[in-house]
Amino acid sequence: MADVLDEADIEAGLPEGWEYADDEITRTYEFDEYLRGVAFAQLVGEIAEAQFHHPEIVIRYGEVEISLTTHDAGGVTQQDLDMAEIIESETDA
């Protein structure tokens, strides 16, 4: 099992646009069209399957919220920060 990171390490490792609160890291992406957000959520789902690390994805009209935490560790681990970086590098949201 991965080790939970302390707040300083989490804040230092967060990609731009991501926030840390309540034992998870979160980012909300905005879209002009609903179906663009749905397509983005599908892409994130495909990345998650490849990484075997699955975020919570909330689709709303005009935005998609991605939240990451390592449930079995009880907080944010390096795996969450790595997953956020992958999402950022493989998407153009």
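What to note about this one:
- Inspection of the range 66-76 finds a residue satisfying the criterion of being over 15 Å from residue 30 (Cβ atoms), in contact with a strand residue (DSSP E or B) (Cβ under 9 Å, 6 or more places away or on another chain) and in contact (Cβ under 8 Å) with a residue 60 or more places away in the chain.
- Only one entry in 12, 2 is at pLDDT 95 or above and over 10 Å from the mean Cα position of the chain (by Cα), namely 12.
The values are calculated or read from the model by the stated rules, or taken from the named source; none is laboratory data. As the structure is a computational prediction, the values presented were derived from the model and not from experiment. So basically every Cβ, Gly included, is an ideal-geometry build from the backbone, and we count neighbours across all protein chains shown.
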